Amino acid sequence: MGWKKTGLLSVAFALGSMGGFGSIHTTDTVAAATVKESAKVYNQFQQYVQKPASLANARNYLINHIKEVDTWTATQMTLQLENAQKAYLPVYSEKVFPENVQKEINNAFSKSKNLTYSTLLNAIKDANVRNMLIEGRDKGFKLETSEGMYYPVMHYEGFKSFKPYVTKDIAAYIDIMATESNQPSVFDAAIVISWTELTNRALALED
């Protein structure tokens, strides 16, 4: 004999309520599990982001685990990573400024006119300079040049992978900062974008 659908549902709910064969997950149970998982990921992230030496681990961990937390936690971790990177940027800059490092970067850049880490690492053989470049890449910086000087800046384009998981205002902030990072409005003490673009960016910031 075949079971009617109503009969199957009745048995399923009965078994669930009795604790037999399995249980029904209520909304509260799922929410509690989500909060617990978010807390676990957040606490592990804190172990990395609080220490400059493990900043690369913090960034890599967030990239791989941000999907496992709730929106509020994802937003907090994203902003904490940004703050940690900005705090470490002056320290890393001092590693880029020595004359021998500048010379190695300049020699590599003059051949390809490309400041990506992959291009530079393919051309530079000095182990110390290579390790310094790898550190910058892994900790979330990119290189820029002005008046013959090479220097690191925040790589906000890399933050775009976090956008689906953070609040809408921070997603918009990431877009604004990435635009400015990819095409700065000011270069060598002069405005280098059109007045229309400058106005549009100002309006986006105001919003």
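The values are calculated or read from the model by the stated rules, or taken from the named source; none is laboratory data. Since we're looking at a predicted model, the values are computed, not measured. A quick note on method: Cβ atoms are made from the backbone with ideal geometry, for glycine too, and the neighbour counts reach across all protein chains shown. Each accessible area value is taken on the protein alone, full model and side chains, heavy atoms only, with ligands, DNA and RNA left out. Shrake-Rupley method; radii C 1.70, N 1.55, O 1.52, S 1.80 Å.
How far apart, in nm, are the 7 Å Cα→Cβ label points at Ile134 and Lys168?
Distance between label points: 4.4 nm.
Heavy-atom accessible area of Ile63 with all protein chains present, probe 1.4 Å, nearest 10 Å²?
Approximately 70 Å² of Ile63 is accessible to the 1.4 Å probe.
Can you give the FRET efficiency for Leu121 and Phe97, using 1/(1 + (r/R0)^6), R0 = 22 Å, r = Cβ-Cβ distance, to the nearest 0.05?
0.70
Can you tell me which lysines have their Cα less than 24 Å from the Cα of Lys163? Leave out same-chain residues fewer than eight positions away.
By straight Cα distance, Lys163 reaches Lys36, Lys40, Lys67, Lys86, Lys139, Lys142.
If you stretched the chain out fully between Ala87 and Glu157, how much longer would it get, using 0.36 nm times the residue separation minus the C-alpha to C-alpha distance?
Working: separation 70, 0.36 × 70 = 25.20 nm, distance 1.83 nm.
Using 0.36 nm per residue and subtracting the Cα-Cα distance, I get 23.4 nm.
Hey, got a sec? Which GluC sites (Glu not before Pro) in the range 112-158 land in a DSSP loop and have at most 14 other Cβ atoms within 10 Å?
Listed in order of number, the matching sites are Glu147.
Quick check: at a probe of 1.4 Å, how many percent of the accessible area of the range 35-182 sits on carbon and sulfur atoms?
With neighbouring chains kept in place, the figure for the range 35-182 is 52 percent.
Shape call for the range 42-184 from the C-alpha gyration tensor, a ≥ b ≥ c root eigenvalues: rounded (a/c under 1.5), prolate (a/b greater than b/c) or oblate?
Verdict is prolate for the range 42-184.
Show me, for the range 95-103, the HN-Hα J-couplings you get by feeding each phi into the Karplus relation (A = 6.51, B = -1.76, C = 1.60, θ = phi - 60°), rounded to Hz, glycine and proline as x.
Each residue's phi maps through the Karplus curve to give 7, 8, 6, x, 4, 5, 5, 4, 5 Hz.
Quick check: residue separation of Lys111 and Ile63 times 0.36 nm, minus the Cα distance between them. What number comes out in nm?
The span from Lys111 to Ile63 would gain 14.0 nm if fully extended.
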